[in-house]
1. Which numbered condition in (1) within 16 Å of ligand 2 (Cβ to nearest atom); (2) out of contact with any Lys or Arg (no Cβ under 7 Å at 6 or more places or on another chain); (3) of a type in the set (A, V, I, L, M) is the only one that Ala95 fails?
2. Which residues, taken from segment 7-27, are assigned to a strand (DSSP E or B), over 14 Å from Gly67 (Cα atoms) and away from ligand 2 (no atom under 14 Å from the Cβ)?
3. How many residues, within segment 157-199, are hydroxyl-bearing (Ser, Thr, Tyr) and touching a strand residue (DSSP E or B) at 6+ places or on another chain (Cβ under 6 Å)?
4. Could you tell me which of the residues His111, His139 is in contact with a helix residue (DSSP H, G or I) (Cβ under 7 Å, 6 or more places away or on another chain) and either within 12 Å of ligand 2 (Cβ to nearest atom) or open to solvent by 10 Å² or more (accessible area, probe 1.4 Å) (or both)?
5. Which condition from (1) open to solvent by 10 Å² or more (accessible area, probe 1.4 Å); (2) in contact with a Cys (Cβ under 7 Å, 6 or more places away or on another chain); (3) over 25 Å from His189 (Cβ atoms) is the one that Gly266 breaks?
6. Just for strands (runs of 3 or more DSSP E) wholly inside segment 34-145: which have at least 2 residues that are under 17 Å from Val263 (Cβ atoms)?
7. Are there any helices (runs of 4 or more DSSP H) wholly within segment 236-344 with 2 or more residues that are in the same structural domain as Ser216 (by TED's automatic domain parsing) and more than 16 Å from ligand 2 (Cβ to nearest atom), and if so which?
8. Please state which of the following conditions Ala230 fails to meet, knowing it meets all the rest: (1) open to solvent by 70 Å² or more (accessible area, probe 1.4 Å); (2) of a type in the set (A, V, I, L, M, F, W, C); (3) in contact with a Gly (Cβ under 8 Å, 6 or more places away or on another chain).
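The values are calculated or read from the model by the stated rules, or taken from the named source; none is laboratory data. Since we're looking at a predicted model, the values are computed, not measured. With ideal geometry, Cβ positions are generated from the backbone for all residues, glycine too; neighbour counts draw on all protein chains shown. Please note that ligands, DNA and RNA were not included when accessible areas were found on the heavy atoms of the full protein model with its side chains. Shrake-Rupley method; radii C 1.70, N 1.55, O 1.52, S 1.80 Å.
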Amino acid sequence: MLVLGIESSCDETAAALVTADRTIVAEAIASQDDAHRPFGGVVPEIAARAHAERLAPMISQVLADGGVTLADCDAIAATAGPGLIGGVMVGLVTAKALAMAGDKPLLAVNHLEGHALSPRLADPALQFPYALLLVSGGHCQLLRVEGVGRYTRIATTIDDALGEAFDKTAKILGLGFPGGPAVERHAAHGNSAAVPLPRPLLGSAEPHFSFAGLKSAVLRAHDSGQHDSADIAASFQRAAIDCLLDRTRRGLARMADVTAMVVAGGVARNAAVREALEALAAAHALPFIAPPPALCTDNAAMIAWAGIERLQAGFAADPLDVAARPRWPLDPAAEAVRGAGYKA
Ligand code: KG4
Ligand code: ZN
């Protein structure tokens, strides 16, 4: 089985060919960092336009690199949400056109399911159910992954996502865009004990996350003019990880039967985050699984793989009029969290 995957939900345009035996036959990814840098964040309209310009030639390139044609693909999988709606529509409409032209099944993939199943693309041994910490620019959730399409949300953020907190810290400290990797690099030169910062929700009974207060404290520490920016970056990263560990520990107590502690999403690229979670998993006698860095940030291989998993699990293909969705929670039954804004 060979599936073409398309990703366009944020600021990466990506296409990939993946087989059911976990081979990434060909892939391409174009980040839009340069286009968004002057604005210090992703501008939805610029993102949608860039996806529209790049996607079609990129798909041709990936098919050529793989030495195949559309006729050789068994299905077309594209992110159908959640994400910036203009970009999602570009990718989904492209997938619909290819599915129609090639008479192939269309798979409208939840981007979050792409992240959630990406560790299984990298590690065939990973079995359900597993505990998944999904930490990206738009989401910070602890999930019990029971199977393809079966997720129980154990915890979520009541305000900012963790990646968002990294990005805003970078912006405050003038470290540039994208922020997460810049904060990690800068933190390496700082003292993580130098700046007293809060640990929101630490010790609270429900395992939810909160990072908005930490971000505000970073702003105050910066504005005070009393601290070295590397010390602020290091102290921020330490405080964020302390929160992540405390909250995840609390959530793990509600998932006695899981086979592994898994992390996915862009922030899973952070070495300090990975190290801390690995120790937490060890303390719970659980294997720790994190996808290789390139599979953590947005990519199309994880979308193709989620499509393959859906087909293998017996899910039907999607109709050609399936809609793009700006919001699409993995666990629709999860209740809104007190104090939370719009994030699921
Ligand atoms: O999964 P992803 O590529 O896109 C979303 O679906 O959001 O995640 C992007 C997020 C950004 O907030 C970025 O700053 C963060 O992941 N990130 C990192 C690192 N690399 C990427 N955060 C901390 N440390 C990193 N090394
Ligand atoms: Zn993502």
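1. (1)
2. Result: Ala15, single match.
3. 1
4. On inspection, the qualifying residue turns out to be His139.
5. Going through the list (1) open to solvent by 10 Å² or more (accessible area, probe 1.4 Å); (2) in contact with a Cys (Cβ under 7 Å, 6 or more places away or on another chain); (3) over 25 Å from His189 (Cβ atoms), Gly266 breaks only (3).
6. 130-135
7. 271-283
8. The one condition Ala230 does not meet is (1).
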